[in-house]
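The values are calculated or read from the model by the stated rules, or taken from the named source; none is laboratory data. Only a predicted model underlies this, so the values are computations on that prediction, with no experimental measurement involved. Here Cβ is always computed from backbone atoms with ideal geometry, including for glycine, and neighbour counts include all displayed protein chains.
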Amino acid sequence: MQRFFLFIFLTSFLFIPKVQSAHIIGGMMSYEFISTSNGINKYRITIRVFRDCQSQGADFDQPAGISIATSEGSYIKTNENFSNPTKSNLTNLFSNPCLVLPPNVCVQEGVYTKIIDLPVINLSYYIIYQRCCRNNSIFNIMNPGDVGATYYTEITPLAQQLQNSSPTFKTIPPIAVCGNFSLQFDHSGFDKDGDSLAYYFVAPIIGGGPNSFGNNCDLTSPSPDCLPPYDSVTYRPPFTSRFPMGGAPAISIDSKTGLLTGLPNAIGQFVVGVRIDEYRNGVLLSSSIRDFQFNVTNCEKVIKASIETDDVSGRDIEFKFCGDEYVKIDNKSTLASSIFNYSWNVSLNGKDSIYTTKDLDLSKLEFGNYTGTMILNKGLQCTDTAFFKFNKFPGIDPDFSFLYDTCKDNGVKFENLSMSQDGLALMSNWQDKGVSFSTSQDAVYGFKGPGDYEIKLTLSDSNQCIDSVTRIVPYYPIPDKVLEMDNINGCVPALISFVQPHPDLDDSYKITWDFGDGNTGEGLNPEHIYSKVNAYDISIHVVDAVGCVYDGFFSKAVRVHDVPEAGFGYSPNEVSNIKPDIQIEDESNNAVRWQYELSNGDILQSRNPAYIFSDTGIISIKQLVTNLNGCKDSISLFLDVVPINTIFLPNAFLPSTQGESSTFRPAGNGFGIKDYQMSVYDRYGEEIFTTHDWNIGWNGMDKNGKALPNGNYVVRVHITGPREVSKVLQGTAMLLR
C-alpha cells in the first residue's frame with residue numbers, strides 16, 4: 001500500500017498546556033470601499049480568523065475589540081465592538097485523491113464584519129486586531145505557544161483619495177494535501193478595482209503574548225491593540241520566511257500568479273505568511289498579509305472502483321441487453337471527491353474504444369459480445385479498476401392494432417404486429433391493467449364498460465430478450481339506457497341548471513342541448529337563462545368517442561313562470577317618537593304570501609300589518625312577496641322616525657311647597673337631550689345657580705345655600721338635542737315663598 005505525508009492547513013494533535021490561549025491557526029483583514037459623502041468614506045472591514053476546532057484553547061472573541069489609529073501614532077477608536085463572528089467548520093478542503101484523513105481534522109473560520117466611516121485625511125489609517133496564541137506544536141518557528149498574531153490593514157492617503165478597496169484571497173488554503181506528493185494551490189487574490197497584484201512569502205506578524213497582566217502588548221488580548229511597527233515570528237533554522245516549510249523542490253509562490261507549488265517532505269506543523277501587494281499604474285496602494293498553518297502526516301489510497309446496471313453491481317459484473325433498450329453502466333465508485341478522471345476501455349472482437357465520461361451509455365453500440373474495464377484516476381498514484389462483460393442481442397419491435405364495433409358492446413379484436421430483429425419466434429402475453437387475459441398471438445377481449453383501457457403486449461424470444469408496447473384503447477359503446485330528464489320549474493328570468501341525462505355519460509361524450517328557445521348548449525350539466533314566460537321543449541343529442549349517436553326529446557320539460565310585483569305604502573307619512581305608530585298598506589300584484597323585513601331585525605308576516613317603532617332613526621322596510629308558483633319579488637322603502645322634544649319654562653315656583661312646583665326647572669318632553677345647562681341670575685346679573693342635570697331644578701337658594709327673597713330671576717337654558725340641534729330658552733322665574 002502506498003503512503004505519503006499529508007500537508008494540512010489545520011490543527012495540532014499534541015498536548016497544549018495553555019488551554020486558554022493556544023488555538024490560532026491563521027487569519028487576515030481586508031477593507032472594501034462602499035461610498036463617500038462630504039469627505040467621509042464608508043468602508044466594510046472584514047476579519048477572517050481560523051482556529052483549531054479540537055483545541056482546548058479559547059473560542060473566537062465574542063465580540064472582537066478592534067483599534068483604529070493613524071500613522072502619526074494616535075488612536076481614533078479603541079476596543080471598537082465588531083460584534084460576534086459568523087462561524088463555520090471547514091472539514092472538506094482537501095486537494096489530494098490519496099488522502100486518508102487523520103482523526104478529528106477540523107478548522108473553524110470566524111468572520112467579523114463592520115461598516116465604519118473614516119474622514120479622508122493626509123495620514124494612513126491602521127485598523128488592528130491582536131490575539132494570542134498560536135498552537136504549541138508548530139515546528140518551524142520558535143516558542144509558538146507564547147506568540148500570537150496581529151491582523152491589520154493600512155488605508156493610505158492615496159487609497160482614501162482613490163476610494164480603493166483592498167484585494168481578497170479567492171480561496172481558503174486546503175486543509176489537507178499529501179506530503180511527498182506534488183502540491184499545487186492557487187493562492188491568488190481578487191481585486192474589485194482591477195488593480196495589479198503581486199505575491200510573496202513573508203514572516204507572520206506577532207501580536208499579544210501569554211500573559212494575563214503586565215505590559216499591554218504582551219497580554220493575551222491587548223487593549224488597545226498595539227501600534228506598528230510590529231515584530232515577526234522567529235523561524236527555527238533552517239526555515240526562513242522565504243522557505244517556511246522546506247521541501248524538495250521547496251515550497252514556493254509565483255509572485256505574478258500566486259500559484260503555490262512544491263513537494264513537502266517533512267512531518268510537522270508549519271506556519272506560513274503570504275503578502276499580497278496591490279498596484280495601480282505602478283504605485284503601491286495596499287499590502288495585506290494572510291498567515292496560516294499546515295500539518296504533515298501520512299496518506300493512503302481511499303478510492304474504490306464499483307459499477308452498476310439495473311440488474312448487477314460490483315467490481316466485476318456480467319450482463320446482457322437487447323435491441324434499442326437504453327442501458328448504461330452507472331459509476332458507483334468512491335470516494336467521489338477524490339476521483340479526478342474516468343477511463344472506460346470497451347473491446348469488441350479485438351477493437352478497443354475509449355470513453356472518459358463518469359457513466360457509460362451502451363445504447364448506441366452495435367450487436368455483439370463485449371469486454372471492458374473502467375479505470376479511476378488513470379495516470380495518477382491513486383487508481384483502481386472495475387471489470388465488465390456483456391452481450392448486446394438484436395431486439396424486438398413490438399406493435400399491435402385493435403378494432404371493434406363502436407355502437408355495440410361486443411368486445412375488441414387485437415392483432416399482433418410485432419417483429420423479431422433476429423427472426424426468432426416470439427411468445428406473447430396480453431394484459432389489462434397488469435392482469436393477463438391471453439397468451440395467443442392475437443386476442444379478443446370484452447371490457448366491462450366504457451372507458452380508456454391500458455392494454456399491454458409483452459413479447460419474448462429464445463435469447464431471453466423481452467420488450468413490450470402499451471396503448472390506450474378508447475372503448476365507448478353507446479349507453480345501454482334511455483336518456484332521462486325530470487321537469488324543471490323556474491321564475492323569469494330563470495337560470496336553469498340541467499342534470500346529466502344518463503349516469504354512464506362523462507366528459508368524453510359530446511352532448512348537445514337544444515333549450516327550446518332558439519339557444520343551444522354543450523356538456524354534462526349546462527346552464528341556461530330563460531327570459532320569457534313559457535313551457536319549453538328540450539332536445540338532447542349525444543355522440544360518443546367513436547361516433548355513435550343517441551337522441552332524447554322531452555316535451556315542455558322546462559316551465560318558466562311570471563313573478564309577482566311587489567309594492568306597498570304606509571301612513572301617516574310623518575313618524576316620530578311622539579307618534580311612533582304606522583299602518584302598512586299592501587299595493588302588490590299577483591301575490592299570495594307577504595313578509596316585511598325591518599332593518600332593526602323585526603319581521604312582519606301579515607299583508608297589511610300595523611307597527612309601533614321603539615326608537616328613532618332612518619328605518620328600511622323590505623316587502624317580500626310570493627305567488628302561487630313560488631316566484632318572488634321584493635321592494636324596499638325608507639322612513640325617518642324623527643326624534644322630537646317639547647320644552648318650555650314655567651313662570652313661577654313655590655320652594656316652600658311639596659311636589660313639582662317646589663323647584664324651578666324646564667317642563668315638557670326632554671327626549672334625546674345630549675347636552676344640557678340651566679343657569680339662574682339675580683337682578684344684578686350674578687349667576688346664583690347652574691346645573692347640567694335635566695332632573696335637578698333650582699330650589700330658591702344661592703350657591704352658599706342661603707334662601708333668596710321673593711322676586712323675579714332671569715333663567716337661561718342651553719340644550720343640544722337629537723341630531724345635534726341646539727336650542728336656547730330664556731325667561732323669568734318668579735320666586736314665591
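Taking region 575-597, which residues are in contact (Cβ under 8 Å) with a residue 12 or more places away in the chain and outside any strand (DSSP E or B)?
Once the filter is applied, which keeps residues that are in contact (Cβ under 8 Å) with a residue 12 or more places away in the chain and outside any strand (DSSP E or B), region 575-597 yields Asn577, Ile578, Pro580, Glu587, Ser588, Asn590, Ala591, Val592.
In this structure, does Phe33 turn out to be in contact with a strand residue (DSSP E or B) (Cβ under 9 Å, 6 or more places away or on another chain), farther than 30 Å from Ser212 by Cβ, at pLDDT below 70 and not in a loop (DSSP other than H, G, I, E, B)?
No; evaluated as a whole, the condition is false for this residue.
Give the residues of region 521-569 that are more than 19 Å from Gly490 (Cβ to Cβ) and of a type in the set (D, E, K, R), sorted by residue number.
Of everything in region 521-569, those that are more than 19 Å from Gly490 (Cβ to Cβ) and of a type in the set (D, E, K, R) turn out to be Glu522, Asp544, Asp551.
Can you tell me how many residues in region 647-674 are under 26 Å from Lys579 (Cβ atoms), without any contact (Cβ under 8 Å) to a residue 60 or more places away in the chain and outside any loop (DSSP other than H, G, I, E, B)?
So the count comes out to 3.
Does Leu495 qualify as being under 51 Å from the mean Cα position of the chain (by Cα), exposed (fewer than 15 other Cβ atoms within 10 Å of the Cβ) and aliphatic (A, V, I, L, M)?
yes
Counting only residues that are of a type in the set (Lys, Arg) and outside any strand (DSSP E or B), which one in region 280-321 is nearest to Glu154 (Cα to Cα)?
Lys301
If a residue counts only when it is farther than 16 Å from Phe554 by Cα and not small (Gly, Ala, Ser), which strands (runs of 3 or more DSSP E) contained entirely in region 442-505 have at least 3 such residues?
Values: elements: 443-445, 451-460, 466-475, 488-491, 494-497.
Here the list reads 451-460, 466-475.
Can you go through Gln431, Gln421 and tell me which one is in contact (Cβ under 8 Å) with a residue 40 or more places away in the chain, out of contact with any Cys (no Cβ under 8 Å at 6 or more places or on another chain) and more than 30 Å from Phe553 (Cβ to Cβ)?
Selected residue: Gln421, the only one of Gln431, Gln421 that is in contact (Cβ under 8 Å) with a residue 40 or more places away in the chain, out of contact with any Cys (no Cβ under 8 Å at 6 or more places or on another chain) and more than 30 Å from Phe553 (Cβ to Cβ).
Looking at Ser241, Ser223, which is the one that is under 50 Å from the mean Cα position of the chain (by Cα) and surrounded by fewer than 19 Cβ atoms within 10 Å (Cβ to Cβ)?
Checking each option against the conditions leaves just Ser223.
Can you tell me how many residues within region 310-325 are exposed (fewer than 15 other Cβ atoms within 10 Å of the Cβ) and either on the phi > 0 side of the Ramachandran plot or within 38 Å of the chain's Cα centre (by Cα) (or both)?
Matching residues across region 310-325 total 2.
Can you find even one residue in region 333-343 that is closer than 21 Å to Phe367 by Cα and assigned to a loop (DSSP other than H, G, I, E, B)? Spell out how you get there, then give the answer.
Taking region 333-343 and keeping what is closer than 21 Å to Phe367 by Cα, we get none.
No, region 333-343 has no match at all.
Looking at (1) in contact (Cβ under 8 Å) with a residue 60 or more places away in the chain; (2) within 54 Å of the chain's Cα centre (by Cα); (3) part of a strand (DSSP E or B), can you tell me which one Phe554 breaks?
In the conditions (1) in contact (Cβ under 8 Å) with a residue 60 or more places away in the chain; (2) within 54 Å of the chain's Cα centre (by Cα); (3) part of a strand (DSSP E or B), Phe554 misses (2) alone.
So, restricting to strands (runs of 3 or more DSSP E) that lie completely within region 130-240, which ones have at least 3 residues that are aromatic (Phe, Trp, Tyr), assigned by TED's automatic domain parsing to the domain that holds Val274 and over 23 Å from Cys53 (Cα atoms)?
Qualifying strands (runs of 3 or more DSSP E): 196-202.
Select from region 348-357 the residues that are surrounded by 14 or more Cβ atoms within 10 Å (Cβ to Cβ) and over 23 Å from Lys304 (Cα atoms) and list them in ascending order.
Hit for region 348-357 is Leu348, nothing else.
With respect to Thr690, is the statement that it is more than 30 Å from Tyr611 (Cα to Cα) and part of a strand (DSSP E or B) true?
The answer is yes for Thr690.
Which residues, counting only those in region 523-551, are closer than 30 Å to Tyr475 by Cα and in a strand (DSSP E or B)?
Glu527, Ile538, Ser539, Ile540, His541, Val542, Val543, Val549, Tyr550, Asp551
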